[in-house]
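Taking it in order: structure first as structure tokens, then the write-up.
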Amino acid sequence: MKMELDITKDDLPLMANTSHMLVRHYVLDLNVDLKSHVIDGTIVLFFDTDSSCRKGDSEQVEEACHSQSDGTCCIQAPEACYVPVPNASACSTKSGCNDFAVCGKGENDTSDKNGSHGNKELASGISSSKNCCDIEIHGSEDFLLVLDCCDLSVLKVEEVDVAVVPGIDKFTSSAKLMDASKDPRDLRNQIVHELVTLPADHWKEQLQFYRLCSQAPACGELLFVTGTWSLEIRKAGVQLPKDFPHAIRIYYKTKPEGKSLSWTTDQCDRPCVYTAGSPINNRALFPCQEPPVAMSTWQATVRADACFVVLMSGENVAEPTESEEGVLNWFYYVTMPMPASTFTIAAGCWAEVKRKTCATDVQRNDGLFPLLSKADVRLLEQTCGHLPYPCRFQDPAATSQVVIPHRVFAPQCLKKSCEEVLLQLIPQCLSAAYDLLGTHPFPRLDVLIVPPNFSSLGMASPHIIFMSQSTLSGGSHLCGTRLCHEIAHAWFGLAIGARDWTEEWLSEGFATHLEDAFWSAAQQLSSDEAKEQQDLKAVLRWQRLRDEVQNSEGDLQVLRPKKENTGKASESGAAVIKHGLNAEKVFMQVHYLKGYFLLRSFAGKAGEAAYFAFLKKFVRAFHGQLILSQDFLHLLLSDIPQLKRYGLSVENIFQKWLDCTGIPKPLLEESQAWQDCRLAQQVNEELSPDQLVLLLECLLEKKTLCSKTLECLQKTYHLREQDAEVRHRWCELVIKHKYTAGYVDIEKFLKEDQAMGVYLYGELMVNEDAKQQEIARKSFATTRDQMDASSAKVVAEMLF
């Protein structure tokens, strides 16, 4: 497929040519320097060009949908092709190509002041050519490997001689390798192929050989050039992907301004760094293939001063070892293939928060699967549809694990709050999730309270959840609901990912809907109590959705912005994320809310029991794979045929829910049923946090409230002691009615609850009150250097 990529200023390019070669494994060996704000070291990438490594993009989805009619599954495997480029020596700057540079340790440093290596850096590589990602220039053609890369100083790229690794001869006994042994290049590539395709039950041996191969000597340097969004590598004379080195080592270092990492201080004013969920993902942390189709495993050795704890996405609990005096090594690994964007790391002076009792964290069912139905046991006996890996859904011990092992880390000054709130909630929420969805996809969980500059209330990654300090105050409600939301991402967003990142609703819509179900179960509410609580949530989200639709661009309100082109890429595999760099989009919740209401509508029509039984079946069929909206919808309508009686079809749902701006018409028709729920109508002195939020939002619609009323409101409901959702609405009331006695609450919120404070800046400025504008500018000046980059950009545009 030929496809012109339309890159606008707020679209995020995915440059990696994944149709040619796919990374199957990363080995990182890194040093974290919290003084200079730099991570440096090496990354070794192991590639494969065998088409079987793409199974899961089309074949597996087709297998999972085998009961559907023809045309049910529309995912197509990428075409096999390669990008030819001219010989560097024959390329002039007039033709739009730069010379490739080789730069390594021991040579003259060709870096500029910003630490960029190689010859003059390419421009974005997007607007400079007729077809930015499918370059075809005739002449002496070499294959060009393109990786996603941004704000990295690449020092050297080299081929790894895996053939000299001790013990590697066990991979050289096959007939293919005997034939390949005549050509060292073919031998090395075939060894890598044998290594990356080892059976799943050989994962320990595989990790060991990945480590040994990553330490093997080089057998030649490779030519490379860095662009704004990419690292381009070639080997002179190699014209086909199958002949390109399948194991390469890259020496590099990050830049302090790189947006994949947040270098800051924690709540105790100690230095720390963490991956902050940047719109550019991890390309400013390590060169990688960012498109979700490039699902890979990884292992990492990370060194940091002994006073720091290193947490990471990893199946194991790292046991630090001393590498040199005052420096510790931390080793983590992952055997489940996932997109590189899910890789997460954090280093800081975190303290582990432990229970005072000796109760075990690991709970299992008594006997053999007593909580599993006969249908569940039959599902366990089925084979999985994903690429081979040691899958928990096939492990009887894992399938009976109600609560997985978990730890909590936080700055020393927040340990007490974590003990009182967070630590008590985790087993309840994990157990509730297991009851509804079954097997936990990941074997363990760390929860980290991140610094105040974190721009969200929470973020889920494999084996680790980041939580904002804002969730710890005002009781357990906000903390519990947010924890449930992030736990839900283990299934939807991580174990099952969106094939096209523009379909965020497949992650956030599901997590928002499951958040309510998990939290009701964690509280052990009756069905009537759960319905009332969830109806109240629906009212709050309805009001939020109406406000957002009225105050945002139509293009940002569409859940499937690429429509019929969703999931498609260029011939090379490169693509763009529509509005991926739009700073305002980071703070929008349309994908959360419209997706939530769509799923809530399905559950209401099918019945909760039938819907969640289907969801468990869907998880069993699609875990470890990437999906598009139609994959979920086809299986849903096939498994619960009564939904078709409501006139539902995939095309109908696309038209009325996913491809439209504004509020979906079916939602307008359904909303009245839960807007009149009892909890929404009830007002007394014993309000729940959600009822308080609703009360304050209703008061925000009043034109005038006197100071006496606001003072009475604060004292009656103790608003300053409530959770961050309630305090945010309180601050809005203070701003609207210029209640000067509450200005101290605004200043405190903007400092301590940065994850939720962005829009308050706008309200302070819109009121055109000199005192309020002074508060906004003063607060921003105090927190700007510590702020998340997207937040700082949005706030600066409001203020100046």
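The values are calculated or read from the model by the stated rules, or taken from the named source; none is laboratory data. What you are looking at is a predicted structure, and each value in this text was computed from that prediction instead of being measured. Reconstructed Cβ throughout: ideal geometry from the backbone, glycine too, with neighbour counts over all protein chains shown.
Scan the stretch 766-788 and tell me whether some residue there is farther than 20 Å from SER278 by Cα, free of Cβ contacts under 8 Å to residues at least 24 places away in the same chain and not in a helix (DSSP H, G or I).
Yes, because at least one residue in the stretch 766-788 is farther than 20 Å from SER278 by Cα, free of Cβ contacts under 8 Å to residues at least 24 places away in the same chain and not in a helix (DSSP H, G or I).
Across the stretch 746-788, what is the number of residues that are charged (D, E, K, R) and surrounded by 18 or more Cβ atoms within 10 Å (Cβ to Cβ)?
So the answer is 3.
If you go through the stretch 405-447 one residue at a time, how many are surrounded by 17 or more Cβ atoms within 10 Å (Cβ to Cβ) and touching an Asp or Glu at 6+ places or on another chain (Cβ under 8 Å)?
Looking only at that region, the number is 10.
Restricting the search to the stretch 385-430, which residues are touching a Ser or Thr at 6+ places or on another chain (Cβ under 8 Å), more than 22 Å from LEU448 (Cα to Cα) and either part of a loop (DSSP other than H, G, I, E, B) or of a type in the set (A, V, I, L, M) (or both)?
Hits for the stretch 385-430 are TYR389, PRO390, ALA398.
Taking TYR596 and the conditions (1) modelled with pLDDT under 95; (2) touching a Gly at 6+ places or on another chain (Cβ under 6 Å), which numbered condition does it fall short on, given that it satisfies the others?
Result: TYR596 passes all but (1).
From the residues in the stretch 475-519 that are aliphatic (A, V, I, L, M) and more than 29 Å from GLU420 (Cβ to Cβ), which one is surrounded by the fewest Cβ atoms within 10 Å (Cβ to Cβ)?
Once the filter is applied, the top-ranked residue is ALA498.
Considering only the stretch 706-716, I want to know if a residue exists there that is out of contact with any strand residue (DSSP E or B) (no Cβ under 9 Å at 6 or more places or on another chain), assigned by TED's automatic domain parsing to the domain that holds ALA776, closer than 27 Å to MET467 by Cβ and among the aliphatic types (A, V, I, L, M).
No, the stretch 706-716 has no match at all.
Here is a check on your reading of the model: is ASP631 touching a residue at least 12 places away in the same chain (Cβ under 8 Å) and within 23 Å of the chain's Cα centre (by Cα)?
So ASP631 passes the test.
Suppose we filter the stretch 637-659 for residues that are in a loop (DSSP other than H, G, I, E, B) and surrounded by 18 or more Cβ atoms within 10 Å (Cβ to Cβ); how many remain?
3
So LYS585 clears everything in (1) within 30 Å of SER431 (Cβ to Cβ); (2) part of a helix (DSSP H, G or I) except one condition, right? Which one?
Looking at each condition in turn, LYS585 falls short on (1).
Scan the stretch 736-752 for residues that are in a helix (DSSP H, G or I) and either in contact with a Leu (Cβ under 9 Å, 6 or more places away or on another chain) or outside the structural domain of LYS771 (by TED's automatic domain parsing) (or both) and report the count.
The number of residues fulfilling the criteria is 7.
One residue is enough: does the stretch 588-603 have a residue meeting the conditions within 30 Å of ALA530 (Cβ to Cβ), surrounded by fewer than 19 Cβ atoms within 10 Å (Cβ to Cβ) and in contact with a Ser or Thr (Cβ under 8 Å, 6 or more places away or on another chain)?
Scanning the stretch 588-603 turns up at least one residue that is within 30 Å of ALA530 (Cβ to Cβ), surrounded by fewer than 19 Cβ atoms within 10 Å (Cβ to Cβ) and in contact with a Ser or Thr (Cβ under 8 Å, 6 or more places away or on another chain).
Results for (1) among the hydrophobic types (A, V, I, L, M, F, W, C); (2) at pLDDT 95 or above; (3) on the phi > 0 side of the Ramachandran plot, shown as yes or no for each residue.
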site	(1), (2), (3)
ALA460	yes, yes, no
PHE466	yes, yes, no
SER476	no, no, no
HIS489	no, yes, no
TRP501	yes, no, no
LEU514	yes, yes, no
ALA522	yes, yes, no
LYS531	no, no, no
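Say whether the condition of being modelled with pLDDT of 95 or more and part of a loop (DSSP other than H, G, I, E, B) is met by at least one residue in the stretch 171-194.
Checked against the condition, which is being modelled with pLDDT of 95 or more and part of a loop (DSSP other than H, G, I, E, B), the stretch 171-194 yields no hits at all.
Among the residues of the stretch 750-799, what is the count of those that are among the charged types (D, E, K, R) and in contact with an Asp or Glu (Cβ under 7 Å, 6 or more places away or on another chain)?
The qualifying residues number 1.
Going through the stretch 358-384 one residue at a time, which ones are surrounded by fewer than 13 Cβ atoms within 10 Å (Cβ to Cβ), in a loop (DSSP other than H, G, I, E, B), at pLDDT 50 or above and not small (Gly, Ala, Ser)?
The answer is GLN382, THR383.
May I ask you to verify whether SER470 is outside the structural domain of ALA755 (by TED's automatic domain parsing) and either surrounded by fewer than 24 Cβ atoms within 10 Å (Cβ to Cβ) or within 22 Å of ASN281 (Cα to Cα) (or both)?
Spelling it out, it is not the case that SER470 is outside the structural domain of ALA755 (by TED's automatic domain parsing) and either surrounded by fewer than 24 Cβ atoms within 10 Å (Cβ to Cβ) or within 22 Å of ASN281 (Cα to Cα) (or both).
Taking the stretch 509-554, which residues are farther than 25 Å from THR661 by Cα and either of a type in the set (Phe, Trp, Tyr) or in contact with a strand residue (DSSP E or B) (Cβ under 9 Å, 6 or more places away or on another chain) (or both)?
PHE518, TRP519
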